[in-house]
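Read-outs throughout are calculated quantities, based only on the coordinates presented, and are distinct from any laboratory measurement. Everything numeric here is computed off the predicted structure, so don't read it as measured data. Because the Cβ atoms are built from the backbone with ideal geometry, glycine has one as well, and the counts that use them run over all protein chains shown.
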Amino acid sequence: MQSNFSTRLSERLREKLHVGIIMDGNGRWATRRGLSRLRGHEAGVEAIRRIVEAAPDQGIGTLTLYAFSTDNWRRPRTEVSALMGLLRFYLANEVQSLVRNGVRLHVIGRRDRLPDGIADAISRAEAATAAGETLHLRIAVDYSARDAILNAAVKLAGIAAPSRELFSDLVTGERGLRDVDLIIRTSGEKRLSDFLLWEGAYAELHFTERMWPEFDAADLTEALASFHRRERRFGGLQALSLEPAPSL
Ligand code: IPE
Ligand code: IPE
Ligand code: MG
């Protein structure tokens, strides 16, 4: 079950880049320092703060962060509850600063399996930040791109002449979300792990050895510089600055 539609993004934000980040390596970062994995996840929250603050100045209008996948329920119960505790803490403590910085929050993924009170805290945080116009921050929690596509297909069944745009809105849970321009994955892993499979169809990919807790504004600048050096052709023969119309 995906979350309800949020209102359509402003054109100003849609014109800016959509970057997705697979925030990986918290555990390894911590264990290499003789710390518990939980300390790595805590440091990961600090990295989220840094990157959310840095993103608008780097031409990013939409930022989708992969925080917890549906497959992450496979981890030991203690680690899962520590991660849920951090999510609760983030929602309780971050909203004021998100509002102050013009960040509009939207959490994607399932909400019905989260521990008590978190779904309500998400709805409150989304309502409180709904007017944000500087950055659209999407956090993926209990998220699976394949489930998002499957759920959209189920919702679409029975609709005559469905369009790609409508299907996109159902997959992303947003009206008119911009396709993902760039997906960054930290920690040296080179896979998508079920992240943004539909909206990332033409995303450029950037893999870095940096662990998520040490990722900073300079690393984001480097990822974007590499992105701007790429030639995006969308199936054509020359560089295009915008994706082709879905009906093309
Ligand atoms: C990413 O770091 C955070 C989540 C998946 C929740 P990991 O916890 O996957 O860190 P590694 O990959 O074990 O180092
Ligand atoms: C992907 O990282 C999910 C998040 C970053 C939230 P994982 O660490 O769970 O992915 P795999 O298991 O290495 O593919
Ligand atoms: Mg990992």
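How far apart, in nanometres, would the label points at Y202 and R230 be if each is projected 7 angstrom from Cα along the Cα-to-Cβ direction?
The two pseudo-label positions are separated by 1.2 nm.
Restrict the search to the stretch 16-48; then list the trypsin sites (Lys or Arg not before Pro) that DSSP places in a loop and that have at most 15 other Cβ atoms within 10 Å of their Cβ.
R32, R33
Determine the relative contact order of the stretch 61-203: mean sequence separation of Cα pairs under 8 Å and six or more apart, normalised by residue count, in whole percent.
Dividing the mean separation by the residue count of the stretch 61-203 yields 28 percent.
In debye, nearest 20: dipole of the stretch 11-229 around its Cα centre with unit charges on the Cβ of K, R (+) and D, E (-)?
500 debye
With each run of n ≥ 4 DSSP H residues scored as -39500 (n - 2.57), what mean residue ellipticity at 222 nm is computed for the chain after dividing by its residue count and rounding to the nearest 500 deg cm²/dmol?
Helix contribution divided over all residues of the chain: -12500 deg cm²/dmol.
When the chain is modelled as a GNM with alpha-carbon springs shorter than 10 Å, which of G34, G188, G173 fluctuates the most?
G34
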